[in-house]
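*Asks:* What follows is a single structure, and I will ask about it in a moment.
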Amino acid sequence: MRQFGPVAVINRFDTTDAALQEANRLAFGLASYAFTTSSETVTRLQNEVRAGMLTINHLGLALPEVPFGGIGDSGIGTEGGSDAIEAYLDTRFVSRMD
């Protein structure tokens, strides 16, 4: 039986590599939160954390105008924001010269 629900894990890490290894250890990737004072670490986190949503130095994820969704075993696709409408659209390009 698989359990699904919110999990809050708070850990301190001595290195950014160790934090990234732990953040990406599981096949789940819905939301991640990180707190740091280093702009170098911010750049690494935003490029290397495998999660559908990531906030750095705050807790604001649930806004109606932004996408909500995970990656990996946390789901496929998003809801909310302009990305959510993409599944319902057939984008076409027509060029015509009369």
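The values are calculated or read from the model by the stated rules, or taken from the named source; none is laboratory data. All figures in this text were calculated on a predicted structure; none of them were measured in a lab. Positions of Cβ are generated from backbone atoms using ideal geometry, with glycine treated the same way; all protein chains shown enter the neighbour counts.
*Asks:* Residues 22, 40: which one is under 19 Å from residue 73 (Cβ atoms) and either out of contact with any His (no Cβ under 9 Å at 6 or more places or on another chain) or part of a loop (DSSP other than H, G, I, E, B) (or both)?
*Replies:* Exactly one residue qualifies, and that residue is 22.
*Asks:* Take the range 50-74 and flag every residue that is in a loop (DSSP other than H, G, I, E, B) and either more than 26 Å from residue 85 (Cβ to Cβ) or among the polar types (S, T, N, Q) (or both). Talk me through it step by step, then tell me what you get.
*Replies:* Kept after step one, since they are in a loop (DSSP other than H, G, I, E, B), are these residues of the range 50-74: 50-52, 57-67, 69-70, 73-74.
Selection gives 57, 58, 59, 74.
*Asks:* Would you check if residue 41 is more than 20 Å from residue 69 (Cα to Cα) and in contact with a helix residue (DSSP H, G or I) (Cβ under 6 Å, 6 or more places away or on another chain)?
*Replies:* It is true that residue 41 is more than 20 Å from residue 69 (Cα to Cα) and in contact with a helix residue (DSSP H, G or I) (Cβ under 6 Å, 6 or more places away or on another chain).
*Asks:* Restricting the search to the range 78-98, which residues are assigned to a loop (DSSP other than H, G, I, E, B), farther than 15 Å from residue 31 by Cβ and modelled with pLDDT under 75?
*Replies:* So in the range 78-98, the residues assigned to a loop (DSSP other than H, G, I, E, B) come out as 78, 80-81, 89-98.
Still in the list and also farther than 15 Å from residue 31 by Cβ: 89-98.
Scanning the range 78-98 gives 96, 98.
*Asks:* For the range 8-20, enumerate the residues that are surrounded by 10 or more Cβ atoms within 10 Å (Cβ to Cβ) and either modelled with pLDDT of 95 or more or not polar (S, T, N, Q) (or both).
*Replies:* At the first step, the residues of the range 8-20 found to be surrounded by 10 or more Cβ atoms within 10 Å (Cβ to Cβ) are 13, 16-20.
Selection gives 13, 17, 18, 19, 20.
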